Structure formats: structure tokens, C-alpha cells
Amino acid sequence: MIRLAVSGSLGRMGQRITALALADKKFKVTTLLERPGTTGAVEGIKISPSNESLKGCDALIEFTTPDATIANLAACVKHKVGMVIGTTGLTDAQKKEIKKASTKIPIVFSSNMSVGVNVFFKISEMLSEKTPDTYTVNMTEAHHIHKKDAPSGTAKTIAEVIEAASSKKVKNIKSIREGEIIGDHKVIFESAEDTIIIFHHAKSRDIFAKGSLVAAKFLKGKKKGLFNMQDVLKLK
């Protein structure tokens, strides 16, 4: 049984993670974190405004803001709690803090927890490796109007994967913020002879919530280390 904490528990992602975890016998949801001043309960589990309530948990799933993530990171290190971090928009300095913390606790840190998107990362890597340098690469990503960062963390990761696999550079990332789009990512490899398009469309936030629970299970028994969903899914 994994004693699970969920941060941002009243947010859209937090609600779905909590609901799916409550339905999974491998988890016992013990702590629901929210911003100071928030009260209430979900399925009899009291909502806590203090990350000191993380004491005794095995893992925290974090889809919140960069500042909240770093504050909860310190609490996880203090109480030896593993973390699954899906927060985007983190600065390089904040990412360094996560890396430093991983020398003391196990962390899965990924810009996208979806199993499908992580397979998409792998396909992008393979295309970059196998196509000649004469191919140009462009990308389009679309999300809901509430999303603050652009390009998305997922789009940035795709670009990093492509550029690390070959000498190709992603020439352009077009960002669209419209309606309630959950997440669309399209990568176009184009040469004089052909065009290769790969596309991922998220139908619901459950793909991210389910992936984060897979990541939390992966952390069980681990003492420390920094991992991503490629590690979780054994795609490396």
C-alpha cells in the first residue's frame, strides 16, 4: 500500500488524481494539500494547507505552480517523501533544486506524465536519428486559454529530444491558446521529397493523472534518484 499525498487537490488535475487513486487498491490517499486558507475534505480526507502534513507519506504527486512545487520539495526532503513532479514553467534554478533534492529522495520529474506522450517522445527521437539532416523540423502545440507558459513544457521537451538525437534544430514552435483544449502536439519533419507528421491529442486529463499514478508506483522501494517517464516506462 502506497501512502499518497496529492498537491493542488482541488485543482482540475488534483481532483482527477485523487479520484483515480481512491479507486486504486494500491494507494491509500492520506494527505490532500491546498493553498493556505483552504478548508474542507474529500471522501473524508481533510484538506491541509500545511506541507508538514506530508510526514508519514510515501509519495507526493505535484501538479501546481513552480513556487509551490519548490516549497513542497523542501518538505519532501525533510520528511523523506518521494515526489512525482508534473509542474511546468520551472526555471533552470528551480530545476537544479529538484536535481539536488534527488540525491536525498526519489523523484520522477517530467513535463508530461502521459504514457502516450512519452511514446511520442521516443518516436520523435527515432525520427530525428534516422532522417537525414536535410529535413527541417517545425512544431505546433495547442492548449486551453488558462495555460500560462508558452511553448508548453511538453513542446520544449520534444524539441530537446529531437535536438539531442541529431544535429537538427526545431525551427519554430507555434503556440495556440484557445478554449478548453487539453493538449495537442504536432511535429512536422519535412524534406524536398516527403513530409512526416506525428500528432498527439489528449482527450481528457485522465491520461496525465493515470500516468502520474504509474510514476508513483515506480517510486516504491527507491531511496533516491532523479527519473523521468522514459525511465518509468522503460523506453530508454
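Give the residue, chosen from 78, 99, that is under 17 Å from the mean Cα position of the chain (by Cα) and of a type in the set (D, E, K, R).
99
I'd like the full set of residues that are touching a helix residue (DSSP H, G or I) at 6+ places or on another chain (Cβ under 7 Å), within 14 Å of residue 111 (Cα to Cα) and assigned to a helix (DSSP H, G or I), limited to region 205-236.
207, 208, 209, 211, 212, 215, 229, 230, 232
Residue check, residue 181 against (1) touching a residue at least 12 places away in the same chain (Cβ under 8 Å); (2) exposed (fewer than 15 other Cβ atoms within 10 Å of the Cβ); (3) assigned to a loop (DSSP other than H, G, I, E, B), all met but one. Which one?
For residue 181, the exception is condition (2).
Failed condition for residue 221, given (1) surrounded by 16 or more Cβ atoms within 10 Å (Cβ to Cβ); (2) out of contact with any strand residue (DSSP E or B) (no Cβ under 6 Å at 6 or more places or on another chain); (3) not charged (D, E, K, R), with all others met?
(1) is the only condition that residue 221 fails.
A quick yes/no check of all residues on (1) closer than 29 Å to residue 183 by Cα; (2) buried (at least 23 other Cβ atoms within 10 Å of the Cβ):
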{"site": "33", "(1), (2)": "yes, yes"}
{"site": "54", "(1), (2)": "no, yes"}
{"site": "69", "(1), (2)": "yes, yes"}
{"site": "75", "(1), (2)": "no, no"}
{"site": "98", "(1), (2)": "yes, no"}
{"site": "115", "(1), (2)": "yes, no"}
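Being at pLDDT below 95, out of contact with any helix residue (DSSP H, G or I) (no Cβ under 6 Å at 6 or more places or on another chain) and of a type in the set (Lys, Arg) is the requirement here; does residue 147 meet it?
yes
Could you tell me whether region 116-133 includes any residue that is within 18 Å of residue 216 (Cα to Cα), touching a residue at least 12 places away in the same chain (Cβ under 8 Å) and touching a Leu at 6+ places or on another chain (Cβ under 7 Å)?
Yes, region 116-133 has at least one match.
Working only within region 77-96, note down all residues that are under 15 Å from residue 59 (Cα atoms), surrounded by fewer than 20 Cβ atoms within 10 Å (Cβ to Cβ) and among the β-branched types (Val, Ile, Thr).
Residue satisfying the conditions is 77 alone.
Enumerate the strands (runs of 3 or more DSSP E) found wholly within region 21-133, keeping only those where 2 or more residues are assigned by TED's automatic domain parsing to the domain that holds residue 217 and on the phi > 0 side of the Ramachandran plot.
Qualifying strands (runs of 3 or more DSSP E): none found.
Return the residues of region 117-157 that are in contact with a strand residue (DSSP E or B) (Cβ under 8 Å, 6 or more places away or on another chain), farther than 10 Å from residue 185 by Cβ and hydrophobic (A, V, I, L, M, F, W, C); say none if nothing qualifies.
Correct list: 123, 127, 137, 145, 150.
The values are calculated or read from the model by the stated rules, or taken from the named source; none is laboratory data. Source: prediction; values computed, not measured. Positions of Cβ are generated from backbone atoms using ideal geometry, with glycine treated the same way; all protein chains shown enter the neighbour counts.
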